[in-house]
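Reviewing the structure listed below.
The values are calculated or read from the model by the stated rules, or taken from the named source; none is laboratory data. Treat the numbers as computed from the prediction; the structure is a model and nothing was measured. Positions of Cβ are backbone-derived with ideal geometry, glycine not excepted, and every protein chain shown enters the neighbour counts.
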Amino acid sequence: MGTQNNNFERRVNQRFDAQLPLNIGGKDFQLVSTTKNISCSGVYCKVDCFLPVMTKLEVTMSLSIIENNKKIEKTFTTNAVVVRIDPEFEQPGCDIYHIGLFFMSIKEEYRNLIVRYIQQTFLASNN
């Protein structure tokens, strides 16, 4: 018999605190938010409405990166799915929900933009 580790961490990529503009779209709605943190595989942010886990969304975000010694804004759109929401259930009168979004089938080009942003913003400052 094996033992079960209840503290198993499912995240593969480290998260970095970042406040980045985020547009979130669903079938019948558009939301504007700001990320609380980011990784190569997703973001954590707050929204003003309940979005059930497994809701598929379209996410547009902008990152400032340095290219040829100039700071430029790169914007991309990808698909994401809600993997976590707090509070877990819709609550009357609640107007702030914290959600974790997992990027689904993100293009390698966009993943590389996130990696560059993280390297330039966080990892470079630790050297």
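The table below gives the values:
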quantity	calculated
Qualifying positions in the range 83-103 - buried (at least 16 other Cβ atoms within 10 Å of the Cβ), farther than 24 Å from Thr121 by Cβ and touching a Lys or Arg at 6+ places or on another chain (Cβ under 8 Å)	Tyr97
Tabulated pairs, the range 97-115, first closer than 18 Å to Ser62 by Cα and without any contact (Cβ under 8 Å) to a residue 40 or more places away in the chain, second among the aromatic types (Phe, Trp, Tyr) and surrounded by 13 or more Cβ atoms within 10 Å (Cβ to Cβ), C-beta under 7 angstrom, 6+ apart or interchain	Tyr110/Phe76
Hits in the range 73-109 - residues which are farther than 20 Å from Gln14 by Cβ, in a strand (DSSP E or B) and among the small types (Gly, Ala, Ser)	none
Test: Ile24 is at pLDDT below 95 and either touching a Pro at 6+ places or on another chain (Cβ under 8 Å) or among the hydrophobic types (A, V, I, L, M, F, W, C) (or both)	no
Conditions (1) surrounded by 15 or more Cβ atoms within 10 Å (Cβ to Cβ); (2) part of a helix (DSSP H, G or I); number of the one not met by Asn112	(1)
Unique residue being more than 23 Å from Asn112 (Cα to Cα), modelled with pLDDT of 95 or more, under 15 Å from the mean Cα position of the chain (by Cα) and surrounded by 11 or more Cβ atoms within 10 Å (Cβ to Cβ) when the list is Lys36, Lys46, Lys56	Lys46
In the range 38-87, the residues that are without any contact (Cβ under 8 Å) to a residue 24 or more places away in the chain and over 25 Å from Ser105 (Cβ atoms)	Glu67, Asn68, Asn69, Lys70, Lys71, Ile72, Asp86, Pro87
The range 59-72, subset in a strand (DSSP E or B) and of a type in the set (S, T, N, Q), residue modelled with the highest pLDDT	Thr60
Checking Ile72 against (1) surrounded by 12 or more Cβ atoms within 10 Å (Cβ to Cβ); (2) aliphatic (A, V, I, L, M); (3) more than 23 Å from Phe50 (Cβ to Cβ), the condition it does not meet	(1)
